[in-house]
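No lab work stands behind these numbers, since they all come straight from the coordinates. Everything numeric here is computed off the predicted structure, so don't read it as measured data. Virtual Cβ from ideal backbone geometry, glycine too; neighbours counted across all protein chains shown.
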Amino acid sequence: MPRPNPLQKFSSALSSNADYQVLTPRTPHSRTARAEEGESVFAKLQANANDFDDGVTYEQQQSAPLLHSSASGRFPAGLNPKEDDDAEKVRLSPLTKACGVFGVVLAGVLLVMAVVSWSSPGTLQRYLGFAAVDPAQMQAQSPEKVIVATASESHSESSFPAQATDHAQSPNPHGSNMQSISYANYTTFPLTPVQYLQECGKQMSGFMSHGDYWDVSPMGEMDVEHEDPPQTGTCKSTITYMLSGRVGLAADLALMAATAALARERNRTFLVEDSFWNRGKWKDHFQDVRIGQPGPEPDCRPPPAKEMVACPRTGRHWIVNSYTAKFHLGHTFEDHYENPFKHELNRQKEIFQASEESFRTTIRPNRETTRLINLAKQELARVFMAHLGDRDPTRGENTYFSVHVRRGDRIPQGWEYHRKPIPAQVYHDYINETAVRLYRDADDIRRTPVVYIASDSPESASELESMYKGPSFHLGKSSIQELKAIASDSEYRQNEFNELPAAKQFSLNKGAIVDLAMVTGLWDHSQSEPLMLDAAICAVSSTFCKLAAIGLGWDDAFGQVDDMGSIDNVRKRWVDLDTKGSELPVWRPFELF
């Protein structure tokens, strides 16, 4: 007899060749032995040899050693000779049966819930404890949500500054679903900045919201009790920025600019609260914000202080300070107001323009502060004219560079100078590099521009002045005693500043505003200015530097930003010598504390 061919498909399968007979010993648990009892498995397989690939299961094959015990788990349970013909059926344990029943019941419950949700929207939310809002009712009570959603989808360049009617202006914005916030434990209003921070912690720690920026909390509308009806002439809805007195001047102004932009967008009255500011009163240094941003009710009175809430932002009278800003101007703010269809720096453009508008119209120096700024500009102009000598300036030549050297408690954030001050030599080198880059085809006078030096450290200002070979000026060397008196006389540290006498704090704040104006060019909007800012060299770890980009304007600060959001390193006039573009985005509008 010829030798049979080896198996082709299955390691334990029977051959499909009908002429091939498998010889197996007759053991009590072999298939052959079982065949002698009445039914031959092998005979069945032979009868269906042509259909082996389609019909034979692994349980009908020899999958265990021929003499293996039938008690072993490797021996097919369905071939136990002690079982009857129905033993090949799978037997389920009680636990398996219970799980199956539970799965059927759960599937039925989910089916019922799906049917109820489809046939009666909102029913399940009410039973589960969530506030169900009817779309028609939401549109009637909160029309601004439709506007904001549309703006978010389009992400046009005017989406942030665009005005919308805020639901908080309606006589009963909260309805019956409003949850009351209690300030019963407080007796003095407004609360301190830290107390508002604590209240935000209570309101914001119990849940995580994943809705849109202006969506109502999943816990429902929340607000304090209001006078009903309100006093005649009281503003219907407001957004107030609270000067905390615990961060620097520029840090407060940057956060205020973003907050004022939100008030414009929501068509709410913008106010300033300065009860805890340790730099004097707001109007001692700046104009009333309502001169440039009157809001929907130009002559309305501020609401009672006890009605202002720091969280949630959907309250009728929302108040923000440097401590609570992290709850409102962080990731949720960026997600809502950045342009998701752009890359890197380009995503920030709408926020940039909104802050730029705030400094152009809302945050402006008062008459006395403007006079001091003009005195500094005039003295810098005299330095410029002395630099020109007998030559008359050509058009566009009446410009200067600003350099801001921050010392004290501000630490550079770049890897190169982290935890140590940026050397004065670095500032000096970037002055020359920027002049050569911008004035490549100009004469030698343009390549040695007039430089305004601003620093909280008199020693650093003097060191850079002696190092730079061109003309320079800073408040500490002013021939005008009024300017020299407000110059910084020591490195700025917030904790030390808080301990100074009120008169000293007031004076240093005046000098800081003059330096801020000269470093950033924020309020240079008149062509009659004796000198105009042409470039700013600074460290982005300081808010002075962040605001310098806004003062220069988008195109001058960053040059021609490409589609990928990369800054133009040839035409840029905003020069960050701290991170040097190594961190993205290269610019942010403010700092959170």
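Numbers below:
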item	result
Order of SER566, SER275, SER466, SER460 under a 10 Å beta carbon neighbour criterion, fewest first	SER466, SER275, SER566, SER460
Rule-of-thumb Rg ratio for region 400-511 [Cα; 2.2 N^0.38 Å; N residues]	1.19
Region 236-302 - Kirkwood radius from inverse mean 1/r over Cα pairs (Å)	12.3 Å
Two-decimal ratio, region 304-393, of alpha-carbon radius of gyration to 2.2 N^0.38 Å	1.74
Between region 324-399 and region 403-427, the Cα center-to-center distance that results, in Å	22 Å
Likely footprinting exposure, MET242, MET219, fewest C-beta neighbours within 10 Å first	MET219, MET242
Fewest-first sequence of ILE453, ILE181, ILE291 by Cβ atoms within 10 Å of each Cβ	ILE291, ILE181, ILE453
Over 30 Å between alpha carbons, listed pairs LYS469/LYS572; LYS477/LYS546; LYS281/LYS477; LYS349/LYS469; LYS342/LYS510	LYS349/LYS469; LYS342/LYS510
Of every Cα-Cα pair in region 204-335, the percent that sits beyond 18 Å	55 percent
Convex hull of region 500-586 built on C-alpha atoms - directionally averaged projected area, nm²	7.2 nm²
Estimated FRET transfer efficiency when R0 is 51 angstrom, pair GLN179-ALA107 (beta carbons, to 0.05)	0.90
Sequence ranges 367-378, 490-501, ranked by mean other-Cβ count within 10 angstrom, highest first	367-378, 490-501
FRET E, pair LEU592, LYS281, Förster distance 25 Å, beta-carbon r, rounded to 0.05	0.45
